[in-house]
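Q: Structure below; questions to follow.
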Amino acid sequence: MRWALVKVCLAVTAMVVVAFAVPLALVVKETARDRAFSSAERQASAIGPALAITTDRQRLQRAVASAQAGADGRIAVHVPAVTREDGGAHPAFRVGEPRASREALRAAQRQGRASRAGVPGGYALLQPTAVTGGKVAVVEVFVPDDAVTNGVATSWVLLAGVGLALIVVSVAVADRLGTRLVRPAEQLAGAAHELGEGRLGVRVPEQGPKELRSAATAFNSMADQVMRLLANERELAADLSHRLRTPLTVLRLNAASLGEGDAAEQTRAAVGQLEREVDDVIRTAREQRAQLTRAGDGGEAAACDAAEVVRERMAFWSALAEDEGREARAAGVDGPARVPVARAELAAAVDAMLGNVFRHTAQGTAFAVDVHHGGAASNGVIVLVSDAGPGIADPEAALRRGHGDGGPGSTGLGLDIVRRVAESTGGDVRV
């Protein structure tokens, strides 16, 4: 937008400069030409009175020499043969150095008015003047080319400089105005990207033109509404999980009355695990609500230890793996591996991948989870889930939301959850 405004202003200013500078340059050229020929006409008119009085060669030579152009050798007088009053006659003669052709001279004598003729090096102004005996003499004044174009080049350079200065100033002003218009738009676009990446505390300064201020106000209202909706969603999840405590309490009491035995112990362990999961859901919902509140105040994004999450989830799935005769292994979980994602979201992603292992491989199939940390040279963390099953026939389809295998309990959302969690950190998922 900024460069478009600069280009438009540049084009308009250039057209205005051309529209005014070209005619003005032609006027300057024509003015210089008229000035040169007007001066030549004045020089010729100075010889006219002398011709009207006498046609004597010596007197005419003195008259020509007294003129400025005559002293420079630019005046010539063509006197025709005339009869004097005393009855004598003298032949035609010329005073000065002629440059015009005979045809141009005869044409000027016939027309009886001043005319111009092109000659080598310039122009010749031919001024006819009546002399004794009804004859017509011609005063020729030479106008060189440099006199016709005197000052034109300098004027054109000045015009070009003024036009260029106008273009530069207009571009600078347009760039300044464009910056004032574009900066709020860039801030709005940047805030939209940050909001899309999960930074809910971003807001846009309400400045710039009226339209952009309105857009900034609408964006800030939208961001506040998004935060309220997410907070309500987390609170609703916590409330729903809290309501499960009552039936869980009944189950725990019933499980306690089952007596001794492996089945009773497994039932009590499952109920205890279910209670812990419900507590985790409630705690996570409360934490994320607090994080949303901090985000509204410019707080930092959530983070967790990937190694700790993997250890916890492997401990949860190990009981089921033992029942199905699966060998389970975890590696790289001894040291911390911080990742910029909420603990509950990473746990859900790990559960989705491990759930696929149990759902899509036969009992007894081994699996492993490895955590690779790039160390000080790199902040990258890789969570690798592998199994000894047949693999995934179509990895691209598996990563598309809603494309399950059609089996019982398959929604096609598991790997999509994993993908969204990975991409929220700037990472990706590979099958």
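Q: Need pairs with beta-carbon distance below 6 Å; first residue among the polar types (S, T, N, Q) and within segment 151-170, second part of a helix (DSSP H, G or I) and surrounded by 11 or more Cβ atoms within 10 Å (Cβ to Cβ); sequence gap 6+ or separate chains.
A: Ser155/Val28; Ser170/Cys9; Ser170/Thr13
Q: Can I ask one more? Filter segment 154-178 down to the residues that are at pLDDT 85 or above and open to solvent by 70 Å² or more (accessible area, probe 1.4 Å) and list them by number.
A: Correct list: Thr154, Trp156, Val157, Leu158, Val162, Leu164, Leu166, Val168, Val169.
Q: To continue, here is another question. Look at Glu30 and say whether it is within 30 Å of Ser155 (Cα to Cα), among the acidic types (Asp, Glu) and over 57 Å from the mean Cα position of the chain (by Cα).
A: no
Q: Looking at Phe93 and the list (1) touching a helix residue (DSSP H, G or I) at 6+ places or on another chain (Cβ under 8 Å); (2) closer than 30 Å to Thr149 by Cα; (3) at pLDDT 80 or above, which single condition is not satisfied?
A: If we test Phe93 against (1) touching a helix residue (DSSP H, G or I) at 6+ places or on another chain (Cβ under 8 Å); (2) closer than 30 Å to Thr149 by Cα; (3) at pLDDT 80 or above, just (2) comes out false.
Q: Filter segment 5-23 down to residues that are in contact with a Gly (Cβ under 8 Å, 6 or more places away or on another chain) and closer than 20 Å to Leu212 by Cβ and give me whichever is least open to solvent (accessible area, probe 1.4 Å).
A: That would be Val6.
Q: On to the next question. Can you tell me which residues in segment 114-134 are touching a strand residue (DSSP E or B) at 6+ places or on another chain (Cβ under 7 Å), open to solvent by 20 Å² or more (accessible area, probe 1.4 Å) and more than 18 Å from Arg33 (Cβ to Cβ)?
A: Once the filter is applied, which keeps residues that are touching a strand residue (DSSP E or B) at 6+ places or on another chain (Cβ under 7 Å), open to solvent by 20 Å² or more (accessible area, probe 1.4 Å) and more than 18 Å from Arg33 (Cβ to Cβ), segment 114-134 yields Thr129, Ala130, Thr132, Gly133.
Q: I've got another one for you. If I ask for residues that are over 30 Å from Thr13 (Cβ atoms), among the small types (Gly, Ala, Ser) and in a helix (DSSP H, G or I), which ones from segment 172-214 would you list?
A: Within segment 172-214, Gly190, Ala191, Ala192, Gly196, Ser214 meet the criteria.
Q: Given (1) within 30 Å of Leu212 (Cβ to Cβ); (2) touching a strand residue (DSSP E or B) at 6+ places or on another chain (Cβ under 6 Å), identify the lone condition not met by Ala137.
A: For Ala137, the failing item is (1).
The values are calculated or read from the model by the stated rules, or taken from the named source; none is laboratory data. Note that the structure is a prediction, hence the values are computed from the model and not measured. Note that each Cβ is placed from the backbone with ideal geometry, even for glycine, and that neighbours are counted across all protein chains shown. Areas reflect the complete protein model, heavy atoms only, side chains present, ligands, DNA and RNA absent. Shrake-Rupley method; radii C 1.70, N 1.55, O 1.52, S 1.80 Å.
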